[in-house]
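What follows is a set of notes on a single structure, which appears directly below.
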Amino acid sequence: MFDRIWCMIVKEFLQLRRDKYARFRLIVPPILQMLIYGYAATFEVNRVQIAVMDFDHSQESRDLLSRFTFTGRFEVAKVLSNEHELKSLIGSSDIPMALKIEPGFAELLRKGQTAHLQVIVDGTNSNTALIAVGYVNQIANQFSQDYARDRLNQMMPALAATVPQISLEQRPWYNPDLNSQWFFVPGVIGSITLMMVVTLTAFAIVREREIGTLEQIMVTPIRPFELILGKTIPFFVVGLADVVLVAVVGTLWFQVPFRGNPLVLLLGVVLFLMSTLNVGLLISTLSSTQQQAFVLGFFFLNPAFTLSGFAFPITSMPKAMQMITYANPLRYFLVILRGTFLKGVGLGILWPQMLALALLTSVLLLASVARFHKSID
Amino acid sequence: MSDEIVQVDGLTKRFAGVVAVDNLSFNARKGEILGLVGPDGAGKTTTLRILAGVLSADAGAVLVAGQDVLVQPEAVKSRISYMPQQFGLYEDLTVTENIRFYADIFEVSRTVRQQREDQLLEASGMSRFRNRLAGQLSGGMKRKLGIACALIHTPQLLLLDEPTTGVDPVSRRELWSILYSLVFEGVTVLVSTAYLDEAERCHRLLLMYQGRRLFFGTPDELKNMLPGAVLSISSPDPQALQTAVAGEQGILSATAMGDTLHVVVDDPDRRLAQLRAGFEHAGVPFGEPRRIAASVEDVFVYVISQQETQQGS
């Protein structure tokens with residue numbers, strides 16, 4: 001029995017050794033993806049190009065506008081003198097935001113009335129727009145607070161000293177600088193592994209079906225579980241090597257800390273690999289050509305990324321979508337990855353995720369075994 | 001009775017309502033080469049697959065070495081070997097690696113494996129190519145390697161699906177000599193073939209047409225099915241002669257083969273003048289009609305054309 005599984009494994013690695021392209025595929029794209037995601041995947045909004053229209057030309061208006069460039073979040077790319085230029089600018093250029101100060105801005109402030117700062121923003125990319133408007137809000141609030149205090153100081157210094165104030169002190173735990181690379185790099189380890197393992201496994205079995213070796217193996221006395229193990233163990237080993245490779249590159253290159261117990265992560269990796277191998281296996285039992293496997297794989301992988309919490313928080317999704325995420329192995333693995341890398345938590349916290357992965361694995365395995373017959377009809 | 005290693009009785013298989021094998025019965029004895037012949041779509045591959053235990057059947061019984069394949073397909077797999085039309089060789093493994101892979105799957109012990117491997121490679125003239133990748137072998141060598149893989153566990157029954165299709169004549173001859181040596185060892189061989197000259201090399205033949213058995217017996221018995229005689233007429237344009245006489249009374253079938261025409265007639269003495277007249281009318285030069293022994297191909301063409309005309313009317 002073990003002899004048969006062993007000879008399947010040996011065969012798989014012999015083939016891998018001869019396949020130069022496969023070795024390339026196992027090493028280069030994962031590292032490349034890690035670097036691309038690490039650098040490009042970020043929610044921070046920096047150096048937003050803005051246009052300004054100051055029709056007031058007062059000390060106050062200049063002070064307010066200068067605060068925007070001061071933070072580094074904004075760069076004044078254009079100073080406009082009339083509103084006609086504005087429309088074509090936002091529509092056609094890389095400048096997604098404009099600030100407009102009407103004449104009489106300073107006068108209203110001095111009278112103690114409300115003055116307006118108009119923000120025009122290109123809402124096409126709603127996420128960037130939202131974050132940028134948030135920054136504008138912060139700066140405008142700060143300005144009006146400072147302005148009010150100055151005025152109070154001048155008029156009634158005694159009273160000014162008694163005005164209460166809340167000052168915000170940010171203490172982000174686990175990621176004090178709110179570095180989005182720290183958030184993304186562990187996630188990328190999970191998503192790259194998912195993609196590699198699912199496609200490799202599905203393709204490997206379907207390829208045997210295409211070239212006819214599967215039919216050949218089916219007429220031998222091999223048992224279905226021997227065939228399944230012989231076909232999946234090699235990709236388990238390959239997947240494990242890839243996780244280690246990507247994790248090492250990610251942590252060393254991007255300086256993401258690893259605070260937890262490596263053994264806890266290892267357990268998570270093992271469970272995750274088993275569940276993804278079974279997804280690949282199930283896809284292979286559902287397709288008879290590599291093309292079909294590719295389509296099915298794509299059909300699975302895309303939602304798996306979206307509904308994993310890799311980029312979009314699951315808690316913000318509608319309830320129905322949240323329910324679907326429970327069937328997604330990546331969802332649990334991301335919690336394990338971020339938990340061990342950034343929070344340094346152990347099994348005491350992560351056991352529900354581990355259990356969920358183990359359950360998913362068993363259900364998927366049962367489904368594949370049920371679908372995997374040693375017959376061709 | 002005891003030497004019948006294969007017993008098929010009333011086997012029926014449908015694919016989405018279409019009958020692929022229709023109430024088929026036959027048997028095969030120990031150490032015999034049984035040829036499955038029939039046009040494409042006759043149900044040869046389906047029959048072999050059912051015998052190999054990789055396809056279920058809708059009705060009937062299939063006993064291989066006393067075991068019911070339809071009930072317990074796994075029970076016979078260690079004793080049989082099946083080589084599909086597309087033999088699944090791993091093209092990125094060497095000749096030896098392929099053989100060893102199948103040896104291990106069949107749990108052949110190391111010492112037996114080595115001995116068997118040497119013997120099989122020797123017999124097929126492939127000893128020099130042990131370390132060559134299977135993908136770099138010629139078509140004929142791939143088939144021979146396929147047979148070597150299929151024989152590594154010394155099966156009692158070998159099922160071969162068109163093993164010689166697309167193989168050069170020299171390799172075909174070698175393949176057949178391997179098959180004869182197997183028979184000598186007591187192995188039973190079921191082989192489907194599209195080459196009718198090969199059918200003559202089989203001990204018995206199963207002629208299939210649209211899933212049904214048209215004939216089951218020795219090649220000689222098959223030839224006796226032919227009423228009348230076969231006449232061979234050489235001509236630069238046998239095609240024209242064929243159209244000139246086909247369908248005439250007493251002309252049972254006419255087949256152009258290279259530069260000769262084979263005509264099956266009910267009574268050669270009576271039809272000779274009739275044929276001559278027909279040929280002269282066509283205006284094509286032709287040689288003297290000679291009476292020849294019927295080949296399997298002549299009978300095959302005759303039997304199949306009879307079936308087609310029966311269905312047509």
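Across the stretch B:133-146, the qualifying residues are those that are surrounded by fewer than 17 Cβ atoms within 10 Å (Cβ to Cβ) and assigned to a helix (DSSP H, G or I), and the one among them that is nearest to the other protein chains (Cβ to nearest Cβ) is B:135.
Would you mind telling me which numbered condition in (1) closer than 18 Å to residue A:32 by Cβ; (2) surrounded by 15 or more Cβ atoms within 10 Å (Cβ to Cβ) residue A:248 fails? Answer for residue A:248: the failing condition is (2). Total residues in the stretch A:346-366 satisfying the condition of being under 14 Å from residue A:333 (Cα atoms) and either touching a strand residue (DSSP E or B) at 6+ places or on another chain (Cβ under 7 Å) or not hydroxyl-bearing (Ser, Thr, Tyr) (or both): the figure is 14. The set of residues in the stretch A:165-192 that are assigned to a loop (DSSP other than H, G, I, E, B) and either surrounded by 10 or more Cβ atoms within 10 Å (Cβ to Cβ) or charged (D, E, K, R) (or both) comprises A:169, A:171, A:174, A:175, A:176, A:177, A:178, A:179. Identification of helices (runs of 4 or more DSSP H) wholly contained in the stretch A:297-377 with 2 or more residues that are within 19 Å of the chain's Cα centre (by Cα) and modelled with pLDDT of 90 or more yields A:319-325, A:329-338. The residues listed here are A:14, A:99; of these, the one that is within 14 Å of another protein chain (Cβ to nearest Cβ) and either under 28 Å from the mean Cα position of the chain (by Cα) or on the phi < 0 side of the Ramachandran plot (or both) is A:14. When restricted to residues that are surrounded by fewer than 21 Cβ atoms within 10 Å (Cβ to Cβ) and either part of a strand (DSSP E or B) or of a type in the set (D, E, K, R) (or both), the stretch B:199-208 contains 3.
Scanning the stretch B:12-40 for residues that are without any contact (Cβ under 8 Å) to a residue 60 or more places away in the chain and closer than 19 Å to residue B:160 by Cβ gives a single hit, B:27. Restricting attention to the stretch A:23-50, and to residues there that are farther than 30 Å from residue A:129 by Cβ and surrounded by fewer than 16 Cβ atoms within 10 Å (Cβ to Cβ), which single residue is farthest from the other protein chains (Cβ to nearest Cβ)? Only one residue fits best here, namely A:32.
Scanning the stretch B:151-195 for residues that are under 20 Å from residue B:209 (Cα atoms), among the hydrophobic types (A, V, I, L, M, F, W, C) and part of a loop (DSSP other than H, G, I, E, B) yields a single hit, B:194. Sort through A:211, A:233, A:205, A:222 and tell me the only one that's under 30 Å from residue B:75 (Cβ atoms), within 14 Å of chain B (Cβ to nearest Cβ) and surrounded by fewer than 21 Cβ atoms within 10 Å (Cβ to Cβ). The match here is A:211. Residue A:68 versus (1) surrounded by 14 or more Cβ atoms within 10 Å (Cβ to Cβ); (2) away from every other protein chain (no Cβ under 14 Å); (3) under 30 Å from residue A:186 (Cα atoms): which is the lone unmet condition? The number of the failed condition is (3). Within the stretch B:23-42, the set of residues being crowded, with 22+ Cβ neighbours inside 10 Å, part of a loop (DSSP other than H, G, I, E, B) and either within 14 Å of chain A (Cβ to nearest Cβ) or touching a helix residue (DSSP H, G or I) at 6+ places or on another chain (Cβ under 7 Å) (or both) comprises just one member, B:38. Within the stretch B:288-299, does at least one residue satisfy the condition of being over 28 Å from residue B:205 (Cα atoms) and more than 30 Å from the chain's Cα centre (by Cα)? So far as the stretch B:288-299 goes, yes, one or more of its residues are over 28 Å from residue B:205 (Cα atoms) and more than 30 Å from the chain's Cα centre (by Cα).
Scanning the stretch B:51-77 for residues that are more than 9 Å from chain A (Cβ to nearest Cβ), of a type in the set (D, E, K, R) and outside any strand (DSSP E or B) yields one hit, B:58. Against the test of being farther than 24 Å from residue A:216 by Cβ, polar (S, T, N, Q) and surrounded by fewer than 20 Cβ atoms within 10 Å (Cβ to Cβ), the options B:154, B:218, B:165 yield a single qualifying residue, B:218.
Taking the stretch B:78-132, which residues are within 20 Å of residue A:230 (Cβ to Cβ), more than 7 Å from every other protein chain (Cβ to nearest Cβ), in a helix (DSSP H, G or I) and among the β-branched types (Val, Ile, Thr)? Residues satisfying the conditions are B:96, B:99.
The values are calculated or read from the model by the stated rules, or taken from the named source; none is laboratory data. None of the values given here were measured: they were computed from a predicted structure. Here Cβ is always computed from backbone atoms with ideal geometry, including for glycine, and neighbour counts include all displayed protein chains.
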